[in-house]
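**Student:** Would you mind keeping the following structure in view while I ask a few things?
The values are calculated or read from the model by the stated rules, or taken from the named source; none is laboratory data. Computed from a prediction, not measured in an experiment: that's the story for all the values here.
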Amino acid sequence: MPANPMQKAGRAMMRLMARAMPSCQDISQVVSDAMDRMLPLRKRLAIRLHISLCAICRRYEKQLHLLREGTRRYTDPDGNSG
């Protein structure tokens, strides 16, 4: 049985998103950079889209945030950096 037009459109949209969305490998390289500097809007949106759909990359980003916060607390346990 042939697919209806809505199913075809949905598949076409998924193929387009798969091509446009960065891979997990790309995300892992860029997430850390995003913590250190402001990325272009398009790249930030691509990262957000990928992370919203990918549980593994979402977990990776949370782990980086935890490492950063732990390092910050270790280097300045009393919060007296100034």
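**Student:** So for segment 46-60 (the condition being within 12 Å of the chain's Cα centre (by Cα) and among the aromatic types (Phe, Trp, Tyr)), does at least one residue qualify?
**Tutor:** Within segment 46-60, one or more residues are within 12 Å of the chain's Cα centre (by Cα) and among the aromatic types (Phe, Trp, Tyr).
**Student:** Quick one: in segment 1-19, which of the residues that are not in a helix (DSSP H, G or I) and not hydrophobic (A, V, I, L, M, F, W, C) is modelled with the lowest pLDDT?
**Tutor:** Checking each candidate, the answer is Pro2.
**Student:** Also: I'd like to check something: does segment 20-33 contain any residue that is part of a helix (DSSP H, G or I), among the small types (Gly, Ala, Ser) and within 13 Å of the chain's Cα centre (by Cα)?
**Tutor:** yes
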